[in-house]
Amino acid sequence: MDYAQQFTADCYEGGYTMVSIPDSGQKFLVVPQDAAEVDSLPADVTVLRQPVENIYLVSTSVMDLILHLDALDSVTLSGTKAEGWYLPEAKQAMEEGRIAYAGKYSAPDYEQILAANCSLAIQNTMILHTPEVKEQLEHFGIPVLVERSSYESGPLERMEWIKLYGILLGKEDTAEQVFAAQEAAIAPLLEQEPTGKSCAFFSLSSNNLATVRKGSDYVAKMIEMAGGAYVFSDLTDNGNSLATMNLPLEDFYAGAKDADVLIYNSAIEGTIASVSQLTEKFPLLSEFKAVQNGQVWCTSQSLFQQSMELADLILDMNKVFTEGTPDADTLKFLTHVA
């Protein structure tokens with residue numbers, strides 16, 4: 001891998017690949033369809049023989065990677081209902097019955113999963129809160145891959161996980177091409193000088209707190225890659241592995257009042273249609289430089305499911321930092337809020 005730190009892939013003669021996810025202690029030997037069995041494997045290695053199909057997909061961030069691999073037909077079970085998908089292809093597949101809802105991560109429908117001849121369950125780390133579910137799936141002979149892309153420190157690191165799914169699904173060449181295109185899209189920005197614009201990425205909760213990203217989070221890195229300066233870059237780990245922190249509004253005021261750009265994160269509390277929706281929650285927001293200068297933006301709710309298109313958000317932010325208020329038709333994930 002060029003960027004990803006949370007998994008490795010070792011290729012062997014005959015098309016065998018050992019995928020390792022060190023922090024969760026998981027190892028998968030991906031075996032080509034007609035290849036011979038491998039004898040004397042260590043007990044901690046799970047064999048995945050291709051084709052890997054009838055996947056029970058619980059981790060929503062993986063769906064976009066699978067769509068970019070043109071491998072939607074490998075998924076037949078979902079841990080998200082149709083109305084929970086912002087990806088049109090996934091939503092349509094569920095509405096048409098090509099993908100069935102098989103229960104959320106903590107309460108899967110074991111009978112349905114077994115009846116579907118599921119060959120792999122892809123979970124995120126939420127499953128670690130209910131380890132008995134993982135154990136039960138494995139007891140039934142269903143391998144469980146706990147994906148950790150959300151623990152990667154930057155957008156390229158996260159997007160490079162498409163290579164892991166390319167290996168599993170026999171789409172390595174497609175994965176390399178898709179990733180290379182994303183990498184190339186943002187390469188010119190990385191050679192430019194900083195724009196001098198500062199930015200806060202936040203949401204306001206119903207209990208009078210502002211939710212912001214830590215300085216080490218991938219969103220903070222995207223702002224920097226776009227040529228901006230993240231105003232809360234000095235916020236560090238407070239003893240947990242969460243990417244976000246809740247700040248009292250007075251602390252948010254102190255840190256973000258002079259930011260050139262405010263980007264509201266719609267993933268937590270939903271989208272906003274006007275600045276007044278924010279000032280009703282937090283009247284002092286009207287004193288913020290970005291509010292007075294008309295530089296308030298909102299992310300689309302599809303953003304965090306469109307995990308393979310983070311390059312587009314970086315490009316969007318760069319346009320805002322350099323052009324002020326770019327034409328809405330040129331932006332994919334940011335909407336201007338007046």
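Assorted remarks:
- Of residues in segment 150-163 being in a helix (DSSP H, G or I) and at pLDDT 95 or above, the one nearest to Leu67 (Cα to Cα): Ile162
Here is a yes/no grid of residues against (1) over 24 Å from the mean Cα position of the chain (by Cα); (2) surrounded by 19 or more Cβ atoms within 10 Å (Cβ to Cβ); (3) of a type outside the set (Gly, Ala, Ser):
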site	(1), (2), (3)
Ala90	no, yes, no
Glu96	yes, no, yes
Tyr101	no, no, yes
Ser106	no, no, no
Tyr110	yes, no, yes
Gln123	no, yes, yes
Met126	no, no, yes
Thr130	no, no, yes
Lys134	no, no, yes
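- Test: residue in segment 164-172 that is outside any helix (DSSP H, G or I) and farther than 30 Å from Ser74 by Cβ: no
- Among the conditions (1) modelled with pLDDT under 95; (2) under 27 Å from Glu172 (Cα atoms); (3) of a type outside the set (Lys, Arg), Leu128 misses just one, which is (2).
- Ile263 being under 30 Å from Leu65 (Cα atoms) and at pLDDT below 95: no
- Search result, residues across segment 192-244 that are more than 18 Å from Ala256 (Cα to Cα), of a type outside the set (Gly, Ala, Ser) and within 17 Å of the chain's Cα centre (by Cα): Tyr218, Leu242
- One residue alone among Leu284, Leu313 is open to solvent by 40 Å² or more (accessible area, probe 1.4 Å) and in contact (Cβ under 8 Å) with a residue 24 or more places away in the chain, and that residue is Leu284.
- Per the listing Leu262, Leu303, the residue uniquely under 26 Å from the mean Cα position of the chain (by Cα), more than 30 Å from Ala90 (Cβ to Cβ) and outside any helix (DSSP H, G or I) is Leu262.
- Qualifying residue in segment 179-201 (condition: in a strand (DSSP E or B) and open to solvent by 10 Å² or more (accessible area, probe 1.4 Å)): yes
- Within segment 95-119, residues that are of a type in the set (Phe, Trp, Tyr) have Cβ atoms under 8 Å from residues that are open to solvent by 30 Å² or more (accessible area, probe 1.4 Å) in these pairs: Tyr101/Lys81; Tyr105/Asn124; Tyr105/Met126; Tyr110/Gln136; Tyr110/Phe140, counting only partners at least 6 apart in sequence or on another chain.
- Members of segment 11-64 that are of a type in the set (Phe, Trp, Tyr) and either open to solvent by 50 Å² or more (accessible area, probe 1.4 Å) or closer than 17 Å to Ser150 by Cα (or both): Tyr12
- Qualifying residue in segment 195-210 (condition: without any contact (Cβ under 8 Å) to a residue 40 or more places away in the chain and of a type in the set (A, V, I, L, M)): no
- So Glu250, is it assigned to a helix (DSSP H, G or I), within 28 Å of Thr125 (Cβ to Cβ) and either at pLDDT 95 or above or in contact with an Asp or Glu (Cβ under 6 Å, 6 or more places away or on another chain) (or both): no
- Exclusive hit being open to solvent by 10 Å² or more (accessible area, probe 1.4 Å), in contact (Cβ under 8 Å) with a residue 40 or more places away in the chain and either more than 24 Å from Phe252 (Cα to Cα) or aliphatic (A, V, I, L, M) (or both), set Ala290, Ala338: Ala338
The values are calculated or read from the model by the stated rules, or taken from the named source; none is laboratory data. Model, not experiment: these values are computed from the prediction. Glycine also receives a Cβ, built like all others from the backbone with ideal geometry; neighbour counts cover every protein chain displayed. Areas reflect the complete protein model, heavy atoms only, side chains present, ligands, DNA and RNA absent. Shrake-Rupley method; radii C 1.70, N 1.55, O 1.52, S 1.80 Å.
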